[in-house]
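A short write-up of the structure that comes next.
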There are 2 protein chains.
Amino acid sequence: MADLAKRFPQNPLLRAADLAPSQAGLTVEGVLNPGAFRYQGRTGLVVRIAECPLQKAGKISVPTTDAEGMLRIVEFDLNDPKLDKRDPRVICHDGRHYLTTLSHLRVLTSADGIRFTEDPGFPRLLGKGEQETFGIEDCRVTQLGDRYYLTFTQVSPDGVGVGMRSTRDWRSFAEHGMILPPHNKDCTLFDRKVAERYYALHRPSSPELGGNHIWLAGSPDLEHWGHHRCVARTRAGMWDSARIGAGCAPIKTADGWLEIYHGASLEQRYCLGALLLDLQRPWKVLARSLEPIMEPTAEYEQHGFFGNVVFTNGQVVEDDSITMYYGASDSAVCGAYFSVREILRSLG
Amino acid sequence: MADLAKRFPQNPLLRAADLAPSQAGLTVEGVLNPGAFRYQGRTGLVVRIAECPLQKAGKISVPTTDAEGMLRIVEFDLNDPKLDKRDPRVICHDGRHYLTTLSHLRVLTSADGIRFTEDPGFPRLLGKGEQETFGIEDCRVTQLGDRYYLTFTQVSPDGVGVGMRSTRDWRSFAEHGMILPPHNKDCTLFDRKVAERYYALHRPSSPELGGNHIWLAGSPDLEHWGHHRCVARTRAGMWDSARIGAGCAPIKTADGWLEIYHGASLEQRYCLGALLLDLQRPWKVLARSLEPIMEPTAEYEQHGFFGNVVFTNGQVVEDDSITMYYGASDSAVCGAYFSVREILRSLG
């Protein structure tokens, strides 16, 4: 199948060099995986800023925080036989895991949806408290009425779960705690109720039994979730064989809820595909992409901090047009247009 | 520290041979891990019945269910080089995991709390639907008003999560769906609200970051859960270094919520200990057993389907006296008495 994405000629829109580190001693390693929203006539992105310590020759330095939440740099000798650094995202030393980067979120806005700048009036969203000591990542934004709900990954030594904050004005935020316990990420709220219930897609991970599948949950109030069901599973031998996860809020169409999701192969190549969910019973999959609707083919999607990745968690929809923002190679923020009709047609 | 349990001289109270298999072709491998409750002046147990196929020479046969939920036996040659059967509970063949037994729940009652019999008036609780195709296990019972809430492990190829059903009369049951998504088990509800909220302890498991710790969640309605927090972690080098999980509903005392929990070492030896949680802020641990309050020392606790295990998820409390029911070696149901005061004193 043809790649259905019309990439912005201006890609990448944002790179590490475009943003200042949050504190001395750190460098911005990547700007990635933006949530997207519309506010006061502008397009907003909630981008993930991944930072790592300045590196020294012959060493690898990784960021952690102490019990008080203060940054602490841990150094290992590159020749240390107890060091496993095959995955650039997580290293292992003597059985203990360390993230190589620590992420926070920043709000950037744009009049044209292409050139984004940080608005000093909007606070940076930093990890806080025991459950976010290793940072927060990959924020989805869902607007319900005049309130924006941010669902994001909370990372700490206790595990990886889904946190939620909400805001009306992007200046003050309400905290809603951890809404889904470890190991969970890639959570997006639906942008309206279905039969008087809120819904969310999420991605628990299971050791042994189970896998990295997309699940659905229901809620009376957005803060408390139940009635969990597995909706879509990884598919052996296909482009989404190792893990899948929802993008942002599904798009309501006459045919069903259209959800763009990411899928990774065993070779860790991340592509995008689509799911069509039943309008009334969103746990029913009506159709699913056999082939990706977008693959990492551009140079900036194939090379970077973690190459061969297109990953989306943000889009702005107007009629048939999807303006999608995505992370390329865990390094940069890019944009692409899709047509709702074209995606639906590709589902057969 | 001295083992604080006063074991029933009648132990084990129930063994595999005491109960009939649920269908032809199966044999009861173990009767274990009972939830406990009081109903109409009698003590009730919700026991887990683990069944496996009748075995043939030179083969290992394991139970699975097909898409329609019908039992299907899968056979492997014992000499198959792709077979890993080091863990008697889960075997692995060519990268795929199979439970060696399939569990359901049965309600047994007793006038004296010692001799339990199956009441034909109470239906057996079988796994049903897509999320329970590999059975249901390890039920906790919490009474709230005149309704009994059963929280138990749901097992399927999609993973291991926590399901809930409730009943007033042990004859008809309401279904509440999966209340906690994979990978999660060892969930018990508190038997009363704290500051207008329901609470539960649960045990998510995380690959890489995190571990097998005890978490707390809050709920407005028992069906939907949020505000997850890690309460107690495994302790390196101690008896509870590999995994811990809550027993049944914590006991409200003047000093705090007293929770008996199980802890396993890296050598898979399961003991019991106690946690004392703050009455108003049950996510705060006030005290915790340094040494187990009960260890697998009796012959029936050391030898069985999976040896060196004492595991509890059921108790009946009257004033200072805890009548605890527990699984021994994943094979049999046993009983023991504890004193609330003695446990509190042991916490120092």
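Residues whose amide H falls under 5 Å from that of B:L290, counting only those 5 or more places apart or on a different chain, are absent, with hydrogens built in the peptide plane.
Amide H contacts under 5 Å for A:F305: A:S331, restricted to partners 5 or more places along the chain or on a different chain, H placed in the peptide plane at 1.01 Å from N.
Per residue in the range B:197-229, which ones lose no less than 50 Å² of accessible surface when going from chain alone to all protein chains (1.4 Å probe)? By number: B:P207, B:E208, B:L209, B:W215, B:H224, B:H227, B:H228.
If you place +1 on the Cβ of every Lys and Arg, -1 on the Cβ of every Asp and Glu, and leave all else neutral, what size is the dipole of the range B:6-346 about its Cα centre, to the nearest 20 Debye? Let's see the in-between values first.
Details: 39 positive and 42 negative charges, 110 e Å.
Taking the Cα centre of the range B:6-346 as origin, the dipole is about 520 debye.
Report relative contact order for chain A in percent, whole number only (criteria: Cα-Cα under 8 Å, sequence separation at least 6).
Values: 949 pairs, mean separation 56.8, N = 348.
The value is 16 percent.
When A:F173, B:F311 are compared by accessible area of protein heavy atoms, the largest-first order is A:F173, B:F311, using a 1.4 Å probe. Distances between copies at A:E175, taken between label points 7 Å from Cα along the C-beta direction, are 3.8 nm in increasing order. Taking only the Cα atoms of the range B:264-310, the radius of gyration and Dmax are 13.9, 41 Å. Positive end of the dipole of chain B (Cβ unit charges, origin at the Cα centre): among B:M164, B:L45, B:V285, the Cα lying farthest that way belongs to B:V285.
If contacts are Cα pairs under 8 angstrom and at least 6 residues apart, what is the relative contact order of the range A:207-275 in percent?
Values: 127 pairs, mean separation 16.5, N = 69.
Relative contact order here is 24 percent.
Where chain A is carried onto chain B by rotation, the Cβ closest to that axis, with its residue and distance in Å, is A:H224, 2.
Convert 25 °C to kelvin, take the viscosity as 0.890 mPa s, use the Kirkwood radius over C-alpha pairs of the range B:6-346 as Rh, and evaluate the Stokes-Einstein diffusion coefficient in µm²/s, rounded to a whole number. Spell out each step's value before the answer.
Numbers: Rh = 20.2 Å.
D, rounded to a whole number, is 121 µm²/s.
Which values of log₁₀ I(q)/I(0), to two decimal places, follow from the Debye formula for the range A:1-63 at q = 0.14, 0.16, 0.24, 0.27 Å⁻¹ with a uniform point scatterer at every Cα? Cα-only, vacuum Debye calculation for the range A:1-63: -0.60, -0.72, -1.08, -1.19. If R0 is taken as 41 Å, the Cβ-Cβ distance between B:E208 and A:A287 corresponds to a FRET efficiency of 0.75. Both radii are taken from the alpha-carbon atoms of the range A:218-348; with Rh as the Kirkwood radius, Rg/Rh is 0.97.
What percentage of the solvent-accessible surface of chain B, computed with a 1.4 Å probe over protein heavy atoms, is contributed by carbon and sulfur atoms? That share works out to 48 percent.
With r as the distance between the Cβ atoms of B:V90 and A:N79 and R0 = 35 Å, compute the FRET efficiency 1/(1 + (r/R0)^6) and round to 0.05.
Approximately 0.35, to the nearest 0.05.
Put simply, when B:89-95, B:293-299, A:144-150 are sorted by average Cβ atoms within 10 angstrom per residue, most first, you get B:293-299, A:144-150, B:89-95. Using R0 = 56 Å, the C-beta based FRET efficiency linking A:R171 and B:K56 works out to 0.20. GNM, chain A, Cα, under 10 Å: largest mean-square fluctuation among A:L54, A:L189, A:L99? Among A:L54, A:L189, A:L99, the largest GNM mean-square fluctuation belongs to A:L54. Using only Cα positions of the range A:95-232, each an equal point scatterer, no hydration layer, compute I(q)/I(0) via Debye at q = 0.15, 0.18, 0.19, 0.21 Å⁻¹ and quote the log10 values to two decimals. Log10 I(q)/I(0), no solvent term: -0.80, -1.09, -1.18, -1.34. Couplings for the range B:106-112, taken from phi via the Karplus curve 6.51 cos²θ - 1.76 cosθ + 1.60 with θ = phi - 60°, read 10, 9, 10, 10, 8, 7, 10 Hz in order; Gly and Pro are left as x.
Distance from the alpha carbon centroid of the range B:92-124 to that of the range A:1-80 works out to 51 angstrom.
The base-10 log of I(q)/I(0) for the protein assembly as shown, evaluated at q = 0.05, 0.07, 0.08 Å⁻¹, reads -0.25, -0.49, -0.64 [Debye formula, identical scatterers on Cα atoms, solvent excluded]. Compute the label zone of A:D66 within the range A:108-148: residues whose backbone N is under 17 Å from the point 7 Å along Cα-to-Cβ. Once the point is set 7 Å along Cα→Cβ of A:D66, A:129-130, A:133-134 turn out to lie under 17 Å by backbone N, inside the range A:108-148.
At 222 nm, what helix-only mean residue ellipticity would chain A give, in deg cm²/dmol to the nearest 500, using -39500 (n - 2.57) for each DSSP H run of four or more?
Values: 2 runs with 11 residues, N = 348.
Calculated from helices alone, the mean residue ellipticity at 222 nm is -500 deg cm²/dmol.
Of the residues in the range A:134-177, those shielded by at least 50 Å² of accessible area once partner protein chains are present, compared with the chain alone at a 1.4 Å probe, are A:D158. For the range A:6-346, the per residue solvent-accessible surface stands at 39 Å², with DNA, RNA and ligands left out and a 1.4 Å probe.
When accessible surface is computed with a 1.4 Å probe, chains B and A are found to bury approximately 3200 Å² between them, both chains counted. Between copies, the label points at B:G145 (set 7 angstrom from Cα along Cα-to-Cβ) are spaced 2.8 nm, reported in nanometres from shortest to longest. Rounded to the nearest Hz, the phi-derived 3J(HN,Hα) couplings of the range B:269-279 under the Karplus curve 6.51 cos²θ - 1.76 cosθ + 1.60 (θ = phi - 60°) are 9, 9, 10, 10, x, 10, 10, 10, 10, 4, 4, where x marks glycine and proline. Overall, the protein assembly as shown carries a charge dipole of about 640 debye about its Cα centre when +1 sits on the Cβ of Lys and Arg and -1 on the Cβ of Asp and Glu, all other atoms neutral.
The values are calculated or read from the model by the stated rules, or taken from the named source; none is laboratory data. Remember, it's a predicted structure, so these values are computed and weren't measured experimentally. Note: ideal-geometry Cβ built from the backbone for every residue, glycine included; neighbour counts use all protein chains shown. These accessible areas exclude ligands, DNA and RNA; they are computed on the full protein's heavy atoms, side chains included. Shrake-Rupley method; radii C 1.70, N 1.55, O 1.52, S 1.80 Å.
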